[in-house]
Every structure is written in structure tokens, then in C-alpha cells.
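Asks: Following this message is one structure expressed as C-alpha cells.
The values are calculated or read from the model by the stated rules, or taken from the named source; none is laboratory data. Source: prediction; values computed, not measured. No Cβ is skipped: glycine too gets one built from the backbone with ideal geometry, and neighbour counts run over all protein chains shown. Each accessible area value is taken on the protein alone, full model and side chains, heavy atoms only, with ligands, DNA and RNA left out. Shrake-Rupley method; radii C 1.70, N 1.55, O 1.52, S 1.80 Å.
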Amino acid sequence: MEPMAALLLLTLVVAPFAGLAHRAWWLALAVPAALVGARAARRASWPLAHAGLLAALALAAAGSGMLGPWPVPLVVAFAAYFAVVRAVPGLRASLRWPVWRARPPDRATVVLFAATVAVSAVALVLYAWLAQPDVTEMAGDLGDLPAWSLPLVGVAFAVVNPAVEEALYRGALYHALEAETGSDAQAVIGQGIAFGALHVAGFPGGAVGVLLAGAWGIVLGVLRARTGGLRWSWWAHVAANVVIYAAVVALAADQGIL
């Protein structure tokens, strides 16, 4: 893997762990991501330039602490990213990573998709039931919302969070790693590792959460590779987020948060 691509991947792997100590680390780590993007743009390595720019903006938005809970900072980062892309001719002309288009899946891909949805749902329900994690932080301000709004919040979370995470990890990052290495396998594994690190404070979190999310991210990367687009990995991600939201709401009710 090219050094600049390796630096970007390392930055995205380290950032979630560093953010646990202090969000200012996200701002600091936005610098190497921006440098990767700038250097890649100078040498016309446009896939890496796109990924570096988007990663830098995402880290800066998360580190600002003024944009609200996840995934709001990432949504803001995407808005800024598309504004920059529109303003820079080289970036505008080279925007190639897939957002929605995908090839029709073969039978093996459909089976993989169904198995991914089923296994992840069962695993998440078992985790919520057996571990009974404290969801005070994850529930956030849900306790202040009227009951009728909770399903609407759930739909927004289940749709938007997968959209922005898929676009970053299976979209821009995957495309950059594939272009830099010439290997689908390295792109699948690299983005999966970074995606796993993102969930160090997820549901579940810690080392187990990182390992499970990393393995799941690799499977979503395989769906991306087999179909050439983000549609199927996004649907699988949506299904998992529906289960996560339902589990968090149920746990929050049991724990007196709602």
C-alpha cells in the first residue's frame, strides 16, 4: 500500500480511540488527513484526494463539539465536502466513487446479504438481552422527546447514519484504497478495519465491539465489491441500525431513562 494511503487509513483507525481521551485529538488528526488529500491532489491521485478531504472534514466536524450528536457532524462534513468538490475543478471532474449505483446481485450475493442481516440482528438482540448495557449516553436526549416522535427519530437514525457511514467507508475510502493498491481485497480489509475502530464506543463497544464491527464492515465491503455500489451494503446497515435503535429504546425504558 502506498505510504499516503497507509497514513490515511492509520489516521482513521487511530482517531476513534484518540477521541475517547479528548475530542481535540480529532481536530489534530484532521491535519494529516488534509495533508494526504492535498498531496494526492497535487499528483492527481484523485480517489485518495477525495478520501483525504472527506476524512479531514469529518474529523474536524467531530472535533468541533458544536454540531450535535453523531451522525450530525458527518452530515455537516459531507455538505462541506460537496461544496469544496463543486468549487475545485479537479475534484469535481474526478468524483467517481459510487453512491447508489450497483450491478444486479447474483444468488451468492443475495444469500450473503440475507445472512448478514439475519446474523447481525440476532447478535445485537442477544447482546442487548444478555449484557444489558447502560445506554444513558447512547440514549442522549431521547428522554426529553415526546413519545410520538421516537419512531420518527428511529427512522431518521436508521436511514441517515448508514448513508453517511457507507459513503465514507465503502464509498470514498474503499475507492481510494482500491485505486492505490489495485486490489479489491486490500480495499475490503482496509475499510473494514477502519470501520471497526469507529465502533469502539458503539453498540456493543470496546474491544468486542471493534472486532465485531470490523468483521461486519469487511462483509459489507464484500457486498460493495460484488455489486460495484453501495445499495446492498446500505440496506444491510439500515437493518442493523433499526435493531440497534429499538434495543436502545427498550433498554432506556427499562433503565428509567425514557
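Asks: If a residue counts only when it is surrounded by 21 or more Cβ atoms within 10 Å (Cβ to Cβ) and free of Cβ contacts under 8 Å to residues at least 24 places away in the same chain, which helices (runs of 4 or more DSSP H) contained entirely in segment 152-258 have at least 2 such residues?
Replies: Numbers: elements: 174-181, 184-198, 206-227, 231-254.
Qualifying helices (runs of 4 or more DSSP H): 206-227.
Asks: To continue, here is another question. Output the residues belonging to segment 121-149 that are among the small types (G, A, S) and part of a helix (DSSP H, G or I). Let's see the steps before the verdict.
Replies: Filtering segment 121-149 for residues among the small types (G, A, S) gives 121, 123, 128, 131, 139-140, 143, 147, 149.
Scanning segment 121-149 gives A121, A123, A128, A131, A139, G143, A147, S149.
Asks: Tell me yes or no: at least one residue of segment 104-120 is free of Cβ contacts under 8 Å to residues at least 24 places away in the same chain, in a helix (DSSP H, G or I) and among the basic types (K, R).
Replies: Looking for residues that are free of Cβ contacts under 8 Å to residues at least 24 places away in the same chain, in a helix (DSSP H, G or I) and among the basic types (K, R), one finds at least one in segment 104-120, hence yes.
Asks: Is segment 174-193 home to any residue that is within 19 Å of A55 (Cα to Cα), under 12 Å from the mean Cα position of the chain (by Cα) and hydroxyl-bearing (S, T, Y)?
Replies: There is at least one residue in segment 174-193 that is within 19 Å of A55 (Cα to Cα), under 12 Å from the mean Cα position of the chain (by Cα) and hydroxyl-bearing (S, T, Y).
Asks: Among the residues of segment 190-205, are any polar (S, T, N, Q) and in contact with a Ser or Thr (Cβ under 8 Å, 6 or more places away or on another chain)?
Replies: No, segment 190-205 contains no residue that is polar (S, T, N, Q) and in contact with a Ser or Thr (Cβ under 8 Å, 6 or more places away or on another chain).
Asks: Kindly provide the set of residues from segment 79-92 that are touching a Lys or Arg at 6+ places or on another chain (Cβ under 6 Å) and crowded, with 20+ Cβ neighbours inside 10 Å, ordered by number.
Replies: Those that are touching a Lys or Arg at 6+ places or on another chain (Cβ under 6 Å) and crowded, with 20+ Cβ neighbours inside 10 Å: none in segment 79-92.
Asks: Take V76 and tell me if it is of a type outside the set (S, T, Y), in a helix (DSSP H, G or I) and surrounded by 17 or more Cβ atoms within 10 Å (Cβ to Cβ). Spell out how you get there, then give the answer.
Replies: Values: of a type outside the set (S, T, Y): yes; in a helix (DSSP H, G or I): yes; surrounded by 17 or more Cβ atoms within 10 Å (Cβ to Cβ): yes.
Criteria met by V76.
Asks: Looking only at residues in segment 93-108 that are open to solvent by 40 Å² or more (accessible area, probe 1.4 Å) and closer than 17 Å to L168 by Cα, which one is modelled with the highest pLDDT? Give the derivation first.
Replies: Of the residues in segment 93-108, the ones open to solvent by 40 Å² or more (accessible area, probe 1.4 Å) are 93, 95-96, 99-101, 103-108.
This time we only want the ones that are closer than 17 Å to L168 by Cα, so: 95-96, 99-101.
Working: L95: 89, R96: 82, V99: 69, W100: 67, R101: 71.
Once the filter is applied, the top-ranked residue is L95.
Okay, residues lined up against (1) closer than 23 Å to L9 by Cα; (2) modelled with pLDDT under 95; (3) touching a Gly at 6+ places or on another chain (Cβ under 7 Å):
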site	(1), (2), (3)
A61	yes, yes, no
V110	no, no, no
A128	no, no, no
V153	no, yes, no
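Asks: Separate question: Pick from segment 222-258 the residues that are small (G, A, S) and in contact with a Lys or Arg (Cβ under 6 Å, 6 or more places away or on another chain): which of them is nearest to P133 (Cα to Cα)? Break it down into steps so the answer makes sense when it comes.
Replies: Taking segment 222-258 and keeping what is small (G, A, S), we get 225, 228-229, 233, 236, 239-240, 246-247, 250, 252-253, 256.
With in contact with a Lys or Arg (Cβ under 6 Å, 6 or more places away or on another chain) added as a condition, the list becomes 228-229, 233.
Working: G228: 37, G229: 34, S233: 27 Å.
Filtering segment 222-258 for residues that are small (G, A, S) and in contact with a Lys or Arg (Cβ under 6 Å, 6 or more places away or on another chain), the one nearest to P133 (Cα to Cα) comes out as S233.
A quick yes/no check of all residues on (1) of a type in the set (V, I, T); (2) over 30 Å from D184 (Cα atoms):
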residue: A213; (1), (2): no, no
residue: W216; (1), (2): no, no
residue: V219; (1), (2): yes, no
residue: L223; (1), (2): no, no
residue: G228; (1), (2): no, no
residue: W234; (1), (2): no, no
residue: V242; (1), (2): yes, no
residue: A252; (1), (2): no, yes
